[in-house]
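Take this structure, written in structure tokens, and hold onto it; I'll ask about it next.
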Amino acid sequence: MRSRQFLTGELIKAGALEIGDGYRAKNSELSNDGLPFARAGNIQDGFQFDGADRFPIDELKRVGRKVSLPGDVVFTSKGTVGRFAFVGPETEQFVYSPQLCFWRSIDVDVIDPRYLFFWMRGSEFANQVDYLQHQTDMAAYVSLKDQRQMRMSLPEIDVQRDIARTLGSIDDKIANNRVLAADLETMARTIFKSWFVDFDPVKAKMEGRAPAGMDADTAAMFPDTLVESELGVIPEGWKFGTLASKSDLNPESWTARNHPDSILYADLAGTDRGQIVETKAFDWADAPSRARRVLRPGDTIVGTVRPGNRAYSYVGVDDLTGSTGFAVLRPHAPSLRSFIYHAATADEAIDRLANLADGAAYPAVRPDVVAATPVVVAPDSVIDGFAKITQPLLDWMVASHAENTKLAQLRDTLLPRLISGKLPLPVAPPEAEPPTKRTS
């Protein structure tokens, strides 16, 4: 496979490519309704628009072409440089902010959009970005002018499509795993809210009904009475407590005496809504000063800086080191792991932390504020019943994340070899011949 090298400016002039940046919106132009106004923080292994500002649809004429289209490749070009996302047909349409640039194939017979996405994640693009973003003493930045003067290798369109199909099949599997993991997380959170917030099984028994979707043995664990307490109505025999009553806060930290030679580090920026999406390996001497928290399988970590960003996760693997920006909660018993995770990261718990966060530049809470999150503590039998149902869901999500990590490594290994032509493309199986009619 031979590729031709082009300047992006040549492709733009030929009408094959568009490279644009985002709309510089005033705060007064944004609202709670309309299309998401996407910033770098909304780009994390796809798109996350929960809580995003919105741009009114009836004002889109101001934005011009700075609105997403299917096939766009999104590139974070300021501050957090180097995040990517592909706008698929299912992606909610959004308005680009100045933190984002988009690369758009105008002629799909010259540039395949998904090939463009994979090329931008390859070494040819990365090497140019790495050089350009450090040209000033200011924050990392790759200007629109620089992007329009880059070099780009393009094989024939059929080869582009074959590369896109091969790597795309891996990305599709990763995306499917994410969707299933999200569905399982929603299921577990629904059960948590039903049992420990809304007390649905208790209310059903009070009304003489069998609790929905629950076998008789599980239903028998719940009382049939709600009683008044100092903090509100709770099931009879239950009590109010805090996360600290069922878990230890920050139980282990590395020190100058006990640290390992190297670590795998997870920080707030690489943690998002139940997933540690990025880790970095460091020799201890080169590790960030905040890389101190020892993480063990079964721990729950909750970001204490800007807690409303929802940098939290369940820890499912060994040998991780977390930032001191996390509050680490280690359950007193394995049966408490799912309960602690869902109680600590429920929307109400995170909103409480966000409201208590103090500080203008970096609003934060102390780790003990996380541990003081109030919870309704049920008898051990109910906690064990909850674990029996939801812990397998958490374990599957951990396994799914691990599989996605391996798939991403495979994709990133194949990427430069396929694009360079050093690895031959797999041959698609021939279509089966239609069966011939037998004659007697």
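The values are calculated or read from the model by the stated rules, or taken from the named source; none is laboratory data. Keep in mind the model is a prediction, meaning the values are calculated, not measured. Cβ sites come from the backbone with ideal geometry, for glycine too, and all protein chains shown count toward neighbours. With ligands, DNA and RNA removed, areas are computed over all heavy atoms of the protein, side chains included. Shrake-Rupley method; radii C 1.70, N 1.55, O 1.52, S 1.80 Å.
Looking at (1) free of Cβ contacts under 8 Å to residues at least 24 places away in the same chain; (2) open to solvent by 70 Å² or more (accessible area, probe 1.4 Å); (3) under 26 Å from the mean Cα position of the chain (by Cα), can you tell me which one Ser169 breaks?
(2) is the only condition that Ser169 fails.
Any idea how many residues of region 202-231 are assigned to a helix (DSSP H, G or I) and either touching a Cys at 6+ places or on another chain (Cβ under 7 Å) or open to solvent by less than 90 Å² (accessible area, probe 1.4 Å) (or both)?
Within region 202-231, residues that are assigned to a helix (DSSP H, G or I) and either touching a Cys at 6+ places or on another chain (Cβ under 7 Å) or open to solvent by less than 90 Å² (accessible area, probe 1.4 Å) (or both) number 7.
Please specify each residue of region 239-258 satisfying the condition of being farther than 30 Å from Asp380 by Cα and open to solvent by 60 Å² or more (accessible area, probe 1.4 Å).
Matches in region 239-258: Thr255, Ala256, Arg257, Asn258.
Related question: Based on what the data block shows, is Gly322 surrounded by 18 or more Cβ atoms within 10 Å (Cβ to Cβ) and part of a loop (DSSP other than H, G, I, E, B)?
So Gly322 does not fit the description; no.
Kindly indicate whether Pro416 is open to solvent by 40 Å² or more (accessible area, probe 1.4 Å) and at pLDDT below 95.
Spelling it out, Pro416 is indeed open to solvent by 40 Å² or more (accessible area, probe 1.4 Å) and at pLDDT below 95.
Is it the case that region 116-125 has a residue that's over 30 Å from Gly421 (Cα atoms) and either surrounded by fewer than 16 Cβ atoms within 10 Å (Cβ to Cβ) or more than 25 Å from the chain's Cα centre (by Cα) (or both)?
No, region 116-125 has no match at all.
How many residues does region 401-410 hold that are more than 18 Å from Ala182 (Cα to Cα) and either touching a Ser or Thr at 6+ places or on another chain (Cβ under 9 Å) or open to solvent by 50 Å² or more (accessible area, probe 1.4 Å) (or both)?
3
Would you confirm, using the coordinates I've provided, whether Val179 is among the β-branched types (Val, Ile, Thr), within 30 Å of Val81 (Cβ to Cβ), surrounded by fewer than 18 Cβ atoms within 10 Å (Cβ to Cβ) and free of Cβ contacts under 8 Å to residues at least 24 places away in the same chain? Lay out the reasoning, then the answer.
On the way: among the β-branched types (Val, Ile, Thr): yes; within 30 Å of Val81 (Cβ to Cβ): yes; surrounded by fewer than 18 Cβ atoms within 10 Å (Cβ to Cβ): yes; free of Cβ contacts under 8 Å to residues at least 24 places away in the same chain: yes.
For Val179, the condition - among the β-branched types (Val, Ile, Thr), within 30 Å of Val81 (Cβ to Cβ), surrounded by fewer than 18 Cβ atoms within 10 Å (Cβ to Cβ) and free of Cβ contacts under 8 Å to residues at least 24 places away in the same chain - is met.
If you check Ala164 against the conditions, is it over 19 Å from Met397 (Cβ atoms), open to solvent by less than 40 Å² (accessible area, probe 1.4 Å) and among the aliphatic types (A, V, I, L, M)?
yes
So for region 370-390 (the condition being within 19 Å of the chain's Cα centre (by Cα) and surrounded by fewer than 18 Cβ atoms within 10 Å (Cβ to Cβ)), does at least one residue qualify?
Scanning region 370-390, I find no residue that is within 19 Å of the chain's Cα centre (by Cα) and surrounded by fewer than 18 Cβ atoms within 10 Å (Cβ to Cβ), so the answer is no.
Go through region 260-280 and report how many residues are farther than 19 Å from Gly308 by Cα and either at pLDDT below 95 or open to solvent by less than 60 Å² (accessible area, probe 1.4 Å) (or both).
6
Looking at region 33-57, I want the residues that are modelled with pLDDT of 95 or more and in a loop (DSSP other than H, G, I, E, B) and have a partner that is of a type in the set (A, V, I, L, M, F, W, C) and loosely packed, with under 15 Cβ neighbours inside 10 Å with Cβ atoms under 8 Å, at least 6 apart or on another chain. Which pairs are those?
These pairs meet every condition: Gly34/Ile57.
Could I ask something else about it? Of the residues Arg337, Arg366, Arg330, Arg310, only one is closer than 17 Å to Arg293 by Cβ and either among the hydrophobic types (A, V, I, L, M, F, W, C) or surrounded by 19 or more Cβ atoms within 10 Å (Cβ to Cβ) (or both); which?
The match here is Arg330.
Let me ask something else. So which residues in region 266-299 are under 23 Å from Ser247 (Cα atoms) and within 16 Å of the chain's Cα centre (by Cα)? I'd like the intermediate steps shown before the answer.
Of the residues in region 266-299, the ones under 23 Å from Ser247 (Cα atoms) are 266-268, 271-276, 290-299.
Correct list: Ala266, Asp267, Leu268, Thr271, Asp272, Arg273, Gly274, Gln275, Ile276.
Looking at Ser68, Ser105 in this structure, which one is surrounded by 17 or more Cβ atoms within 10 Å (Cβ to Cβ), touching a residue at least 60 places away in the same chain (Cβ under 8 Å), under 22 Å from Leu144 (Cα atoms) and hydroxyl-bearing (Ser, Thr, Tyr)?
Only one candidate passes the filter, namely Ser105.
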